[in-house]
1. Taking interchain pairs and intrachain pairs at least six residues apart, which have beta carbon atoms under 6 angstrom, with the first residue in region 40-64 and touching a residue at least 40 places away in the same chain (Cβ under 8 Å) and the second open to solvent by 30 Å² or more (accessible area, probe 1.4 Å) and part of a loop (DSSP other than H, G, I, E, B)?
2. Residue by residue through region 66-112, note down the ones that are of a type in the set (F, W, Y) and loosely packed, with under 12 Cβ neighbours inside 10 Å.
3. Can you tell me which condition G150 does not meet? The list is (1) touching an Asp or Glu at 6+ places or on another chain (Cβ under 9 Å); (2) open to solvent by less than 80 Å² (accessible area, probe 1.4 Å), and all the others hold.
Amino acid sequence: MLKLNNYIAAFILFMTVMLSACTQNNGNIGLWFGHWKVTEITINGTNADNYSGNLFFSFQSKVFAQMQKWGEAYDQRFANFEDCGDHIIITFPYVTDEEGNPVYDENGNLFTEDHFKPLEITRMSMGENILNVDQANGDKLQLSMIDAAGETVVFRLEKWK
């Protein structure tokens, strides 16, 4: 009976370690890991008129997600994430042909699945988006980028618990 209890204890310990390791797949991404609430968006120094505080960014491993919520309803989109120190690269993937060339839809837009398109409120584009890390103080972040129209977009974020 004692041997069975040792096996059970070892199994419980093993599962505890394995389940806790699943929270940060492919290693610790430090500051970025988890959910962040976008508290403010400015365009060229002016608050975005249409932003109502309902946008969240999430980071896990090399995956980036943006989610906009309206009560119980939400829209969530996914991209690739790369930490480059003083900036991050958010890449929204698009379909390519056999030769690696982008595929466009009938309206001239890069073809992709809806859940891989950036949310309009973020002003991010398909493909690579370079966001500068302007400030990173524990539970607060400030990211900035130049959008496709040449305007400066600033995101202020707080760690969401």
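1. I41/Y51; I43/E151; N44/E151
2. Selection gives W70, Y74.
3. Tallying (1) touching an Asp or Glu at 6+ places or on another chain (Cβ under 9 Å); (2) open to solvent by less than 80 Å² (accessible area, probe 1.4 Å), G150 fails exactly one: (1).
The values are calculated or read from the model by the stated rules, or taken from the named source; none is laboratory data. The shown structure was predicted, so the numbers you read here are calculated from the model rather than taken from an experiment. Note that each Cβ is placed from the backbone with ideal geometry, even for glycine, and that neighbours are counted across all protein chains shown. Side chains included, ligands, DNA and RNA excluded: accessible areas come from the protein's heavy atoms. Shrake-Rupley method; radii C 1.70, N 1.55, O 1.52, S 1.80 Å.
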